[in-house]
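First comes the structure, then the notes that go with it.
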Amino acid sequence: MDTHKQVVDRLRATFRSGVTVPEEFRRAQLTKLMAMMKENEELFLKALHKDLAKPKFEAVLSEIDITTNELHYALSHLSTWMKPEYVGKNLATKLDDCFVRREPLGVVLIIGAWNYPLQLLIMPLVAAIAAGNCAVIKPSEISSATDSLVAELIPKYLSQDCYTVVSGGAEETQSLLKNRFDHILYTGSQNVARVILQAAAVHLTPVTLELGGKSPCLIFGGVDMAAAVRRLLWAKFFNAGQSCVAPDYVLCSPATRDAMIPALREALQDFYTQEPQSSPDFSRIVSQRHWSRLTELLQKSNGKVVIGGESDQQDKYFAPTVVVDVGEDDVLMQGEIFGPILPIIAVESLEEAIEFVNRQEKPLALYAFSDESSVVQTVLEKTSSGGFCSNDGILHMCLPSLPFGGVGSSGFGSYHGRWGFETFSHRRACMLRGWFLERLNGLRYPPYGEERLSWLRWSATPKSCSIL
C-alpha cells in the first residue's frame with residue numbers, strides 16, 4: 001500500500017501532466033460522480049441509516065438531493081465559470097488584453113464530517129473537480145458505514161490517478177497533514193481546526209474552515225406562533241440536532257416563551273408522536289461518546305427541562321428536549337450543543353437579545369423570526385454571522401447561488417456553487433501586451449523627469465480613463 005506521501009506525489013504528477021485542466025475532463029468526471037450518486041442511492045441510504053439512523057426523507061434531502069443539485073448546478077455553469085473575466089483599463093493599457101483567468105490550484109485535501117458524511121465530502125469534491133484539481137478525500141471514521149462505501153465507490157467511478165480516498169482516524173489525518181497540499185477544506189470542530197491550521201502553516205497552505213458554532217434564533221414582535229414553532233423545530237431536530245447550522249438556542253421575551261411551550265409540545269407530538277423513540281422519523285446520536293456528552297450537558301445544566309429529557313444509551317437515543325430558565329453562564333451555553341437540546345433564554349427586549357448575541361462568538365448561522373420586517377432588518381444589520389435566514393432555518397444553505405461559510409470562530413472561506421469553484425481556483429491576473437504605443441511606454445524609461453512623470457500620472461488616473 002502506498003504511503004500518504006506517495007499518494008500525494010502520484011496525484012501531483014497527474015496534475016502536472018495537465019489532464020485535469022480541460023473542460024471536457026472536468027465535465028466527464030462530474031458526470032461520473034452524478035452517476036455514482038444516482039446508481040448507488042439505496043446503498044447510501046442504508047449506510048446513512050446504519051451510521052445515524054437517518055430517516056430516508058432526511059437522508060434524501062440533506063445528503064442525496066442537495067449533492068446532485070450541486071452537480072447539476074456545476075455542470076450547467078462550468079463553461080461560464082471557466083471563461084476569462086475581462087477587466088476595466090486605463091489609457092496606458094487601452095490596447096492590451098487584461099483579464100482574470102481561473103486556474104486550478106493543484107492537489108487539494110477535503111476532510112469531511114460525520115454528521116452529513118456524504119454531503120460534506122461530495123459537495124466540496126464537486127467544487128474541486130469543477131476547478132480542475134486533483135483531490136485527496138478523507139471521510140470521517142465516526143460515520144464508518146458511509147466512510148467504507150465512499151472508499152469503495154469513488155475509485156470505481158472517478159479517475160484513480162486524480163482522486164483518492166484515505167480512510168482512518170486521527171493518526172491517518174495527522175499523517176496526511178504532513179504533506180504539502182495546495183488547499184485544505186475542513187469541516188468539523190474548532191479544536192481539530194487549530195491542529196489543521198498549524199500543519200498547514202508549515203507549507204503555507206491556504207485553508208477553508210467550516211466550523212459551526214452556537215447559532216441563535218431570535219423571536220420578537222408579532223409572529224405566527226404555530227408556523228414559527230414548526231419551522232424552528234424542524235430545523236433544530238432535523239438529524240437529531242446534529243447540524244452545524246441548527247438553531248442552537250432561542251432568545252425571546254418571557255411572554256413569547258410561555259406561549260411557545262405548549263405550541264412546541266403539540267408540534268413535537270405531531271412530528272414524532274408521543275413516543276419519539278419509536279418514531280421512524282427521528283435520527284440517533286452518532287456514537288456512545290457523543291450520547292454521553294449530551295447526557296452530561298443536560299445533567300449539569302441549571303435550566304428546567306419542560307419537554308423531553310429522556311434518553312437510551314444502548315439505542316443512542318436522545319429525546320427532543322426543550323430547556324427554559326437557562327442563564328448565559330449555563331453549561332448549555334458554553335459550546336455548540338450539536339444535539340436535540342433546545343435552550344430558551346428569556347430577555348426583555350430585542351435590543352437585549354442583540355447585545356446577548358454580540359457578546360458571543362460569531363455563529364455560522366443566525367435566525368430571526370418575526371412578522372415585522374423592521375425586526376428582521378434590525379437583527380440583520382446589528383449582528384454578524386456566516387449566514388442569515390428569517391422565518392425559517394437551514395434553508396439558506398440549500399441554495400447553490402449563496403455562499404456557505406462562517407465568520408470568526410465559525411470558520412472562514414466558503415463554498416457551494418460558484419463560491420466553491422472560486423475557493424479551489426487561483427485568480428491569475430493576466431495582461432497580454434503588444435508593441436503599440438511605444439512612445440507612451442517610453443515615458444517610463446530613464447532618464448526620468450518631471451514632465452514624463454506628469455504624463456504617466458495622467459495616463460494612469462481613472463479620470464483620464466473616463467474620457468476615452
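The values are calculated or read from the model by the stated rules, or taken from the named source; none is laboratory data. As the structure is a prediction and not an experimental result, all values here were calculated from the model. So basically every Cβ, Gly included, is an ideal-geometry build from the backbone, and we count neighbours across all protein chains shown.
Assorted remarks:
- Of everything in region 1-26 that is buried (at least 16 other Cβ atoms within 10 Å of the Cβ) and closer than 30 Å to L61 by Cα, the residue that is farthest from the chain's Cα centre (by Cα) is F25.
- Criterion applied to A199, A240, A226 was being of a type in the set (A, V, I, L, M) and either in contact (Cβ under 8 Å) with a residue 60 or more places away in the chain or under 19 Å from I345 (Cβ atoms) (or both), and the one residue passing it is A240.
- Where strands (runs of 3 or more DSSP E) sit wholly within region 84-195, those with at least 2 residues that are surrounded by 24 or more Cβ atoms within 10 Å (Cβ to Cβ) and not assigned by TED's automatic domain parsing to the domain that holds S283 occupy 107-111, 134-138, 183-187.
- All helices (runs of 4 or more DSSP H) inside region 384-468 with 1 or more residues being of a type in the set (G, A, S) and at pLDDT 85 or above: 417-423, 450-460
- Test result for P262, modelled with pLDDT of 95 or more and more than 23 Å from L395 (Cα to Cα): yes
- Complete set of residues in region 297-328 that are farther than 23 Å from T256 by Cβ, in contact with an Asp or Glu (Cβ under 9 Å, 6 or more places away or on another chain) and not in a loop (DSSP other than H, G, I, E, B): K300, Y317, F318
- Hits in region 27-39 (condition: in contact (Cβ under 8 Å) with a residue 12 or more places away in the chain and surrounded by fewer than 18 Cβ atoms within 10 Å (Cβ to Cβ)): R27, T31, K32, A35, K38
- Within region 336-359, the residues that satisfy the criterion of being farther than 30 Å from L52 by Cβ and either in contact with a helix residue (DSSP H, G or I) (Cβ under 7 Å, 6 or more places away or on another chain) or not assigned by TED's automatic domain parsing to the domain that holds V376 (or both) are A346, V347, L350, I354.
- Whichever residue in region 196-238 is touching a helix residue (DSSP H, G or I) at 6+ places or on another chain (Cβ under 7 Å) and part of a helix (DSSP H, G or I) and, among such residues, is farthest from S370 (Cα to Cα): A199
Per-residue answers, yes or no, for (1) among the β-branched types (V, I, T); (2) buried (at least 22 other Cβ atoms within 10 Å of the Cβ); (3) part of a helix (DSSP H, G or I); (4) more than 26 Å from the chain's Cα centre (by Cα):
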{"site": "L251", "(1), (2), (3), (4)": "no, yes, no, no"}
{"site": "R257", "(1), (2), (3), (4)": "no, no, yes, yes"}
{"site": "I261", "(1), (2), (3), (4)": "yes, no, yes, yes"}
{"site": "L268", "(1), (2), (3), (4)": "no, yes, yes, yes"}
{"site": "Q277", "(1), (2), (3), (4)": "no, no, yes, yes"}
{"site": "S283", "(1), (2), (3), (4)": "no, yes, no, no"}
{"site": "H290", "(1), (2), (3), (4)": "no, no, yes, no"}
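- Qualifying positions in region 363-382 - surrounded by fewer than 19 Cβ atoms within 10 Å (Cβ to Cβ) and in a loop (DSSP other than H, G, I, E, B): D371, E372
- If you go through region 294-331 and keep only what is crowded, with 16+ Cβ neighbours inside 10 Å, over 22 Å from A255 (Cβ atoms) and touching a residue at least 24 places away in the same chain (Cβ under 8 Å), you end up with L294, L297, L298, S301, G308, K316, Y317, F318, A319, P320, V331.
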